[in-house]
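Asker: Got a structure here, written out as structure tokens. Questions coming.
Derivation of every value follows stated rules applied to the coordinates shown; laboratory data play no part. Since we're looking at a predicted model, the values are computed, not measured. So basically every Cβ, Gly included, is an ideal-geometry build from the backbone, and we count neighbours across all protein chains shown.
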């Protein structure tokens, strides 16, 4: 399926999971540019899909689209505020963009989580 073919997969409706799986395949092949539009479709159709937001952010980071990466990373931390990986990734995105204070804040949250703490109490 091409990145522009969102209507069907061999005549069948394409699910968000299929887009996600195809995008992840592109990542495995070292093709983050090809993965980005597929991850974007995932989050457009399923805005609460944490894994797609996280993967989108990391793909954007790999391609140097830092502001967009940070936006996706922030969405991931919003969806799962107690996710260590999300905060670690967001810190990396901020570092790449030269936003050191923000990177340190995100790193601090990741550290709290790594020690068993919570950012948001349930």
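Asker: Taking into account only those residues within the range 16-49 that are outside any helix (DSSP H, G or I) and within 12 Å of the chain's Cα centre (by Cα), which is surrounded by the most Cβ atoms within 10 Å (Cβ to Cβ)? Step through it out loud before you land on a result.
Answerer: In the first step, residues of the range 16-49 are kept if they are outside any helix (DSSP H, G or I); the result is 29-31, 46-49.
Those left that are additionally within 12 Å of the chain's Cα centre (by Cα): 47-49.
Details: 47: 11, 48: 9, 49: 21.
Among them, the one singled out is 49.
Asker: Can you name every residue in the range 70-87 that is buried (at least 17 other Cβ atoms within 10 Å of the Cβ) and over 16 Å from residue 39 (Cβ atoms)?
Answerer: If the condition is that a residue be buried (at least 17 other Cβ atoms within 10 Å of the Cβ) and over 16 Å from residue 39 (Cβ atoms), then 77, 80, 83, 87 are the ones that fit.
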